[in-house]
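Here's the structure, in structure tokens; my notes come after.
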Amino acid sequence: MGPSADDGSTGPDEQQVIRAGYALGGDGRCIAEARHHAAAFLDQAASDHQLTLSARTRDLTQLVVSELVTNARKYASGPVLMELRLTARAVDVVVWDSDPAVPAARAADPGRIGQHGLEIVKAVTEKLLMEQEPVGKRITARIALSDTPRSDTTTPALM
């Protein structure tokens with residue numbers, strides 16, 4: 001599914017959102033598939049709306065997609081749904097899976113091997129929201145388009 005804009009204007013502003021949704025299988029290919037979708041979404045949105053997206057934005061979006069989809073695949077059975085949204089100031093990565101347990105970031109431990117995904121996501125995003133759904137959970141991570149991200153990653157709701 002390709003990006004679509006909420007209204008007919010040529011570029012995203014604070015009200016306009018370019019979005020695309022993807023259903024990912026629960027197999028090992030879904031992580032690479034999700035990264036591919038994210039890169040293609042950003043490329044198409046930039047091309048269609050004459051936007052300049054920094055390498056930082058592209059890299060962080062793919063990193064966040066990879067970490068959130070990896071966690072969904074690891075801890076939930078079944079499909080994973082991903083939505084990407086782009087406005088003039090941020091990219092939102094939304095991942096839904098069937099496991100209702102909301103994850104918690106562990107305390108930093110440089111000696112721990114693995115289980116750093118949520119720590120990484122919190123460190124590189126502007127905001128992170130975790131919501132239990134009637135079935136499963138939804139995690140939304142906001143990546144600022146500016147190269148100087150804000151550091152208030154503990155805000156419980158997205159604005």
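Quick check: is even one residue across the stretch 60-70 surrounded by fewer than 21 Cβ atoms within 10 Å (Cβ to Cβ) and modelled with pLDDT under 95?
yes
When you look at ASP99, is it in contact with a Lys or Arg (Cβ under 8 Å, 6 or more places away or on another chain) and assigned to a strand (DSSP E or B), yes or no?
Numbers: in contact with a Lys or Arg (Cβ under 8 Å, 6 or more places away or on another chain): yes; assigned to a strand (DSSP E or B): no.
It is false that ASP99 is in contact with a Lys or Arg (Cβ under 8 Å, 6 or more places away or on another chain) and assigned to a strand (DSSP E or B).
Restricting to the stretch 102-152, what's the tally of residues that are assigned to a loop (DSSP other than H, G, I, E, B), among the aliphatic types (A, V, I, L, M) and out of contact with any helix residue (DSSP H, G or I) (no Cβ under 7 Å at 6 or more places or on another chain)?
The qualifying residues number 5.
I'm trying to understand the selection: among the residues of the stretch 45-68, which are within 19 Å of VAL17 (Cβ to Cβ) and in contact with a Gly (Cβ under 6 Å, 6 or more places away or on another chain)?
HIS49
Looking at the stretch 17-24, can you tell me whether even one residue there is under 24 Å from GLU133 (Cβ atoms) and of a type in the set (D, E, K, R)?
Yes; the residues of the stretch 17-24 include at least one that is under 24 Å from GLU133 (Cβ atoms) and of a type in the set (D, E, K, R).
Here are the criteria: (1) of a type outside the set (Asp, Glu); (2) touching a residue at least 40 places away in the same chain (Cβ under 8 Å); (3) farther than 30 Å from ASP48 by Cα; (4) not in a loop (DSSP other than H, G, I, E, B). Tell me which single one GLY78 does not satisfy.
Of (1) of a type outside the set (Asp, Glu); (2) touching a residue at least 40 places away in the same chain (Cβ under 8 Å); (3) farther than 30 Å from ASP48 by Cα; (4) not in a loop (DSSP other than H, G, I, E, B), only one is false for GLY78: (4).
If a residue must be buried (at least 16 other Cβ atoms within 10 Å of the Cβ) and either hydrophobic (A, V, I, L, M, F, W, C) or in contact with a helix residue (DSSP H, G or I) (Cβ under 8 Å, 6 or more places away or on another chain) (or both), how many such residues does the stretch 38-50 contain?
Count: 5.
Identify the single condition in (1) surrounded by fewer than 20 Cβ atoms within 10 Å (Cβ to Cβ); (2) at pLDDT 85 or above; (3) farther than 15 Å from HIS37 by Cβ that THR57 does not satisfy, given that it satisfies every other one.
Exception for THR57: condition (1).
Name every residue in the stretch 106-145 that is modelled with pLDDT under 85 and surrounded by 11 or more Cβ atoms within 10 Å (Cβ to Cβ), in order of residue number.
ARG106, ARG112, GLN115, HIS116, GLY117
Mind checking which pairs have a first residue in the stretch 117-136 that is farther than 15 Å from VAL95 by Cβ and a second that is assigned to a strand (DSSP E or B), Cβ under 6 Å, 6 or more apart or different chains?
As it stands, the answer is GLU126/ARG142; GLU126/ALA144, since those pairs meet every condition given.
The values are calculated or read from the model by the stated rules, or taken from the named source; none is laboratory data. What you see is a predicted model, and the numbers here were worked out from it, not measured in a lab. Because the Cβ atoms are built from the backbone with ideal geometry, glycine has one as well, and the counts that use them run over all protein chains shown.
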